[in-house]
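Chemist: For reference, the structure I am asking about is given below.
What follows draws every value from the coordinates through simple rules; no lab data is involved. Computed from a prediction, not measured in an experiment: that's the story for all the values here. Backbone-built Cβ (ideal geometry, glycine too); neighbour counts: all protein chains shown.
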Amino acid sequence: MSLKNLKNPGLWLTLVVVFILGVIPIINNKASAREETLTVLLSVILVSSLNILLGYTGYISFGHIVFYGMGGYVGLFLISVYGWSLWTAMAAGGLASGLLAFLLGSAILRLRGSYFALATIGINEAMRAFISNFEPFGGPTGISLNFQVYNQYGGAAQALWTIYYVVLALALGNILLSYLVKTSKFGLGLQAIREDEEAAEVMGVVTPSSKTWAYVLSAVLPGMVGVLFFFKNGNIEPGPAFRLHLSIELLVMVMLGGYGTIAGPVLGAFGYQRLRGLLLTSDLFKNIQLTVAGVLLLVIILFIPSGAVGWIRHRFPVTRRYLP
Amino acid sequence: MDILTFLVDGLLIGFVYGIAAMGLTLIWGVMNVINLSHGPIIALGMFGIYFAATSLGVNPYVGVILVSFAGLLLGMLIYAIAIHRVINAPHLSTLLATFAVNMIIIGLGTTAFTTSAYNVDFSLGNISVGPVNTPTTRVIAALASVLVTGALYFFLYRTTLGKYVRAVTDNRAAAELMGIPSARILALSFGLGTMLAAIAGGLIATFFPFTILSGGAYELKSFVVGVMGGVGNPLGALIGGLILGTFEGVIPAFMPTSWVPVLEFILFVVILLVRPTGLLGAKK
């Protein structure tokens, strides 16, 4: 992880683009635009963190959203029961998700290919079913925050802006993190695992611990933004917190943008969320938006499996420097 | 209600779980593809017998037969469009391709049928044996499942086409060299898997109300059962289904029903970790 790596123009280009898109709603001071961009930025964070496990290491997780939900639950529990501030709760949420990933990872990362993918589905469902029965977290009704809680952040309207700034900062931080991981020795080890796990092991990559740390790294930021999102929502329930469908949407975004790249997850998140917004508001496609998204996904899988960024990089080699 | 009735109810529905899972593990075993469109196809099976009964006015069990053929054709179509191109690609491609099919079916199904509940208005009364009293439709569903399992075994082990399927399962390249048209056999196998899913859906619809989203729960159960029984092992899937059904029948006697899925999925992950070839051993 040398500083020389930071001179890559593509990294800065990606950061600047995300920053500009993030700042537009702040300059315009429009709440509706802020909400739209917030959805996209949350997706950017979730997708780029998933990319560390999926894109670099080659392990398919259908349970990425578990860390988002887990962080949200731990955070809201600490805020509502112990009166923690949002920021310490956010750190605790990230920590809890990281810890969960460490424990889960030590067990299930021994599984390969489809078996790992299936285990993550099982964990997602087990987690949702367990939280629905777990009384301290409110069982099936979840946790709701008292409206008073927003007062210490300057009222609900101001709190929403503050959360937005933090999410923007986290999104930029996450892009930087995923770049640093990719270019570090650790990241090269992960990519070696993706290509051939036995060969990586022979070359001296300590695969069990590398995989576990990749899993932990991919879990911390979702845990943190989970706290922010559900704090903003004011409540959390088992259904929305551990929705399997959301995990799969994240996979779609990674594939759309191009897995294993830095710009890919960002592009995939932007593209997918914009498209979804367009389809949902169009009269023609409103009812069949799921079908349209499905057809789009199928076309990508069948014809451009390396995603938008992968395809551009392959087609126009000169862009490789600018699309990390 | 006494525990015996729970047990019998669970056991009977376990047979149906068995054939749903058989469809999933057949595809997994033959071509190493996890079919994430399994659930929506189960749901289509449910709607199939509903419309066979209401529009064509046929007996639901005749409907199941019609649905099974429709399921076979649909599966072969899905294979040709969505799977064949990526059959040799990494797992992620086939997982997402079948998930894309899932989204397409759910999207169209939601538009056509909404997500409200449907019910096949059909009853054959109850059967009582000693202290146990259970709907006749469940007993018939269990018998039909045994019949389907038998038919699948007959097909796989007593027909030339079945031999081809097994040959492609064991070694696709070698089978190809022996002159077996592997692409067509793969399409047929995928079709058989979806056929089993559609039959399971049809049988479930004779005693439970359903929506277009109902298949999801059975898809997850099929994963649990399939892994329990061992991938690509049809008899294992049936036995796994019976174990899961019994489990679901007995647990509510000891703790709230809401704990059933928790235990189910923990069991699933534990089996994956401890014995990924299944309790009964994978076929390969």
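Chemist: Using the alpha-carbon atoms, what tilt in degrees (0 to 90, nearest 10) does helix B:38-54 show relative to the longest principal axis of chain B?
Modeler: Orientation of helix B:38-54: about 60 degrees from the principal axis.
Chemist: Taking neighbour counts of Cβ atoms within 10 Å as a proxy for exposure, in what order, fewest first, do A:197, A:135, A:35 appear?
Modeler: Details: A:197 17, A:135 6, A:35 13.
Placing the least packed residue first, the sequence is A:135, A:35, A:197.
Chemist: Can you tell me the length gained on complete extension of the stretch residue A:107 to residue A:39, counting 0.36 nm per residue apart and subtracting the Cα distance? Intermediate values should be presented prior to the final figure.
Modeler: Values: separation 68, 0.36 × 68 = 24.48 nm, distance 3.24 nm.
Extra length from residue A:107 to residue A:39 when fully extended: 21.2 nm.
Chemist: Translational diffusion coefficient of the range A:67-176 at 4 °C, 1.567 mPa s, Stokes-Einstein with Kirkwood Rh over Cα pairs, in µm²/s as a whole number. Provide the component values of the computation, followed by the final result.
Modeler: Working: Rh = 15.9 Å.
This corresponds to a translational diffusion coefficient of 82 µm²/s.
Chemist: Treat every Asp and Glu Cβ in the protein assembly as shown as -1 and every Lys and Arg Cβ as +1, leave all other atoms uncharged, and give the resulting dipole magnitude about the Cα centre to the nearest 20 debye. List each step's numbers first, then the result.
Modeler: Values: 31 positive and 20 negative charges, 330 e Å.
About 1580 debye.
Chemist: Near the amide H of residue B:126, under 5 Å away, which other amide H atoms are found, from residues 5 or more places off or on another chain, if H is placed in the peptide plane?
Modeler: B:136
Chemist: Averaging over every viewing direction, what projected area does the convex hull of the Cα atoms of the range A:3-321 cover, in nm²? Mind showing how you got there, number by number?
Modeler: Values: hull surface 69.5 nm².
Dividing the Cα hull surface by four gives the mean projection, 17.4 nm².
Chemist: Moving on. State the three equivalent ellipsoid semi-axes of the range A:120-199, derived from the C-alpha gyration tensor as the square roots of 5 times its eigenvalues, in descending order and whole Å.
Modeler: On the way: eigenvalues 268, 133, 10 Å².
That gives 37, 26, 7 Å for the three semi-axes.
Chemist: If you don't mind, there's one more thing I want to ask. Please state, to two decimals, what the Cα-based radius of gyration of the range B:242-282 comes to when divided by 2.2 N^0.38 Å (N = residues). Intermediate values should be presented prior to the final figure.
Modeler: Working: Rg = 11.5 Å, N = 41, 2.2 N^0.38 = 9.0 Å.
Dividing the Cα radius of gyration by 2.2 N^0.38 Å gives 1.27.
Chemist: So what are the radius of gyration and Dmax for the Cα set of the range A:233-324, in Å?
Modeler: Values for the range A:233-324 (Cα only, Rg and Dmax): 15.2, 48 Å.
Chemist: Compute the signed sum of charges (Lys and Arg +1, Asp and Glu -1) over the other residues within less than 15 Å, Cβ to Cβ, of residue B:182.
Modeler: Values: positive: B:85, B:163, B:166, B:172, B:184; negative: B:170, B:176.
Result for the neighbourhood of residue B:182: +3.
Chemist: What are the semi-axes of the equivalent ellipsoid for the range B:144-284, taken as the square roots of 5 times the Cα gyration tensor eigenvalues, largest first, in whole Å? Please report the intermediate quantities before stating the final value.
Modeler: Numbers: eigenvalues 193, 67, 33 Å².
Output for the range B:144-284: semi-axes of 31, 18, 13 Å.
Chemist: Any chance you could give the angle, 0 to 90 degrees and rounded to 10, that helix B:215-229 forms with the longest Cα principal axis of chain B?
Modeler: 70 degrees
Chemist: Next up: Mind jotting down the distance between the C-alpha centroids of the range A:28-78 and the range B:48-81, whole Å?
Modeler: 40 Å
Chemist: In whole Hz, what ³J(HN,Hα) sequence does the range B:18-35 give by Karplus (6.51, -1.76, 1.60; θ = phi - 60°), x for Gly and Pro?
Modeler: x, 6, 4, 5, 4, x, 5, 6, 4, 5, 4, x, 6, 10, 6, 10, 8, 7
Chemist: Additional query: Just how far, in whole angstrom, is the range A:285-311 from the range B:119-189 if you go by their alpha carbon centroids?
Modeler: Rounded to whole Å, the Cα centres lie 33 Å apart.
Chemist: Hey, what D do you get for the range A:23-95 in µm²/s if you plug the Kirkwood alpha-carbon radius into Stokes-Einstein at 10 °C and 1.306 mPa s?
Modeler: Working: Rh = 14.3 Å.
Using the Kirkwood radius from Cα pairs, D works out to 111 µm²/s.
Chemist: Taking H as built 1.01 Å from N, whose amide H comes closer than 5 Å to the amide H of residue A:84, not counting residues under 5 places away?
Modeler: A:79
Chemist: Now for a separate question. Projected onto the charge dipole of the range A:3-321 (+1 at Lys/Arg Cβ, -1 at Asp/Glu Cβ, origin at the Cα centre), which of A:146, A:255, A:73 gives the Cα projection farthest towards the positive end?
Modeler: So the residue we want is A:255.
Chemist: On to the next question. Rounded to the nearest angstrom and ordered from largest down, what semi-axes does the equivalent ellipsoid of chain B get from its C-alpha gyration tensor (root of 5λ)? Don't skip to the end; give the middle numbers.
Modeler: Numbers: eigenvalues 173, 98, 67 Å².
Its equivalent ellipsoid spans semi-axes of 29, 22, 18 Å.
Chemist: Can you tally the net charge around residue B:276? Count Lys and Arg as +1, Asp and Glu as -1, for every other residue whose Cβ sits under 11 Å from the Cβ of residue B:276. Spell out each step's value before the answer.
Modeler: Values: positive: A:110, A:112, B:275; negative: none.
Taking every other residue near residue B:276 into account, the sum is +3.
Chemist: Quick one: net charge of residue A:143's neighbours, Cβ under 12 Å, K/R +1, D/E -1? Could you put the intermediate results ahead of the total?
Modeler: Values: positive: none; negative: A:135, A:237.
Residues near residue A:143 contribute -2 overall.
Chemist: Next question, about the same structure. Kyte-Doolittle cut-off 1.0, length cut-off 30 Å along the helix's own axis using Cα: show which whole DSSP H helices in chain A pass. If you can, show how the numbers build up before the last one.
Modeler: On the way: long enough: A:86-108 (32 Å, 1.65); A:113-133 (31 Å, 0.60); A:155-183 (42 Å, 1.33); A:207-233 (39 Å, 0.77).
Long hydrophobic helices here: A:86-108, A:155-183.
Chemist: Here's something else I'd like to know. Kirkwood hydrodynamic radius, computed over distinct alpha-carbon pairs, for the range B:9-135: how many Å, to one decimal?
Modeler: Details: mean 1/r = 0.0603 Å⁻¹.
Answer for the range B:9-135: a Kirkwood hydrodynamic radius of 16.6 Å.
Chemist: At q = 0.33 Å⁻¹, what log₁₀ I(q)/I(0) does the range B:81-123 have when each alpha carbon counts as one equal point scatterer in the Debye sum?
Modeler: Calculated log10 I(q)/I(0) at the listed q: -1.07.
Chemist: Kindly write out, for the range B:244-258 in residue order, the coupling ³J(HN,Hα) from the Karplus curve 6.51 cos²θ - 1.76 cosθ + 1.60 (θ = phi - 60°), rounded to whole Hz, with x marking Gly and Pro.
Modeler: Coupling constants for the range B:244-258: 5, x, 4, 3, 5, x, 8, 4, x, 6, 10, 8, x, 4, 5 Hz.
Chemist: With unit charges on the beta carbons (Lys and Arg positive, Asp and Glu negative) and the dipole taken about the Cα centre of the protein assembly as shown, which residue among B:6, A:90, A:124 sits farthest to the positive side?
Modeler: A:90
Chemist: Here's another thing I want to ask about it. In Å and from the alpha-carbon atoms only, list the Rg and Dmax of the range A:83-130.
Modeler: 13.8, 43
Chemist: Also, quick follow-up: Quick one: helix B:91-113 against the long Cα principal axis of chain B, what's the angle to the nearest 10°, folded into 0 to 90?
Modeler: Long axis of B:91-113 versus the principal axis of chain B: about 50 degrees.
Chemist: Apply the Kirkwood formula to the protein assembly as shown: the hydrodynamic radius equals the inverse of the mean of 1/r over all pairs of different alpha-carbon atoms; give it in Å with one decimal. Don't skip to the end; give the middle numbers.
Modeler: Details: mean 1/r = 0.0394 Å⁻¹.
The answer is 25.4 Å.
Chemist: Consider a paramagnetic label point 7 Å from the Cα of residue A:23 along Cα→Cβ; state which residues of the range A:162-181 have an amide N under 15 Å from it.
Modeler: A:165, A:168-169, A:172
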